[in-house]
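Visitor: Here it is, the structure in full.
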Amino acid sequence: MSLSPLRSGTRRRQGAPRAAVLAAVLVLAAVVTGCTRTVTVTGTASPAAPSSGAPAASAPAAAPASPTGQAATTAPGGNTGLQVIDSTAAQNGLNGNGGTVTGATVQEAPPVWVQLSAVRSAQLGAHLIDINESTLYRFDKDSAQPSVSNCADACATRWPPVTIKEGGNVYLAGVDPKAVGAIRRADGQVQLTVGGWPVYRFAQDTRPGDTKGQGVGGTWFAVDPTGEKARP
């Protein structure tokens, strides 16, 4: 399937004086800095509270710091939020895929960063892909208000949720940063949402651009940049 990125072009003026070029660079740096948005992870994976006859549990000890100095927490109380950045991973000097897997490969550890890109195809119209060009989907049995995933266990094996490391960066191409959110799944993992809808891959999409999950069961559809169902 042929994919075309949704992007707007820019044109550089030729022969600009050195001072004007420097000023433009400083303005651009300020704009890029202002395009970062912090998203708080919603939901909780905490177990049910003990009955009134049970003794109150003591407060858990602080989580040890990771090698990077960031607390290695998964509980909602330790949520550091996600940084949603309105530019691509490559534009921020990153290579590779951040740890995002493809197909039926098990996502043993959440990616340290994720990229959501809007592309267009004749079959689906505008829709989202990840850094590996895997098509992203939404599930009609989920909820967007509030954001809730109803795909777990065997469902989540067939439809792997798009997860990310606590405090990770989400890079965007053609997606409004305000449309991106995150929820905490029942297993404690952080899953991305678009327009409130949790987003997933399809395990049978093994090649870039595959769309085998489109319309499965009449409830799974490619997701567009606003969280709606993609339409040609």
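The values are calculated or read from the model by the stated rules, or taken from the named source; none is laboratory data. Just so it is clear, the structure is predicted and the values come from calculations on it, not from any experiment. Reconstructed Cβ throughout: ideal geometry from the backbone, glycine too, with neighbour counts over all protein chains shown. With ligands, DNA and RNA removed, areas are computed over all heavy atoms of the protein, side chains included. Shrake-Rupley method; radii C 1.70, N 1.55, O 1.52, S 1.80 Å.
Visitor: Within segment 191-211, track down each residue that is under 14 Å from HIS127 (Cβ atoms) and of a type in the set (D, E, K, R).
Guide: Just the residues of segment 191-211 that are under 14 Å from HIS127 (Cβ atoms), to begin with: 194-195, 197, 199-202, 205, 208-211.
Answer for segment 191-211, where residues must be under 14 Å from HIS127 (Cβ atoms) and of a type in the set (D, E, K, R): ARG201, ASP205, ASP210.
Visitor: Can you pull out the residues in segment 110-125 that are open to solvent by less than 60 Å² (accessible area, probe 1.4 Å) and within 16 Å of the chain's Cα centre (by Cα)? Steps first, answer last, please.
Guide: Let us first name the residues in segment 110-125 that are open to solvent by less than 60 Å² (accessible area, probe 1.4 Å), namely 110-111, 113-119, 121, 124-125.
If the condition is that a residue be open to solvent by less than 60 Å² (accessible area, probe 1.4 Å) and within 16 Å of the chain's Cα centre (by Cα), then PRO110, PRO111, TRP113, VAL114, GLN115, LEU116, SER117, ALA118, VAL119 are the ones that fit.
Visitor: Please go through segment 189-232 and pick out each residue that is farther than 25 Å from VAL112 by Cα, in contact with a Gly (Cβ under 9 Å, 6 or more places away or on another chain) and buried (at least 18 other Cβ atoms within 10 Å of the Cβ).
Guide: Once the filter is applied, which keeps residues that are farther than 25 Å from VAL112 by Cα, in contact with a Gly (Cβ under 9 Å, 6 or more places away or on another chain) and buried (at least 18 other Cβ atoms within 10 Å of the Cβ), segment 189-232 yields TRP220, PHE221, ALA230.
Residue-wise test of (1) closer than 22 Å to GLY196 by Cβ; (2) of a type outside the set (Gly, Ala, Ser); (3) crowded, with 19+ Cβ neighbours inside 10 Å.
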site	(1), (2), (3)
SER87	no, no, no
ASN97	no, yes, no
GLU108	no, yes, no
HIS127	yes, yes, yes
TYR137	yes, yes, yes
CYS151	yes, yes, yes
GLY167	yes, no, yes
ALA173	yes, no, yes
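Visitor: Give the number of residues within segment 153-165 that are of a type in the set (Gly, Ala, Ser) and open to solvent by less than 40 Å² (accessible area, probe 1.4 Å).
Guide: The number of residues fulfilling the criteria is 1.
Visitor: Any residue in segment 127-148 that is under 12 Å from ARG201 (Cα atoms) sitting within a Cβ distance under 8 Å of a residue that is modelled with pLDDT of 95 or more and acidic (Asp, Glu)? List the pairs, counting only those 6 or more apart or interchain.
Guide: What qualifies is LEU128/ASP224; SER134/ASP205; SER134/ASP210; THR135/ASP205; THR135/ASP210; LEU136/ASP130.
Visitor: Could you tell me whether any residue of segment 135-155 is closer than 21 Å to GLY81 by Cα and in contact with a Leu (Cβ under 7 Å, 6 or more places away or on another chain)?
Guide: No, that holds for no residue.
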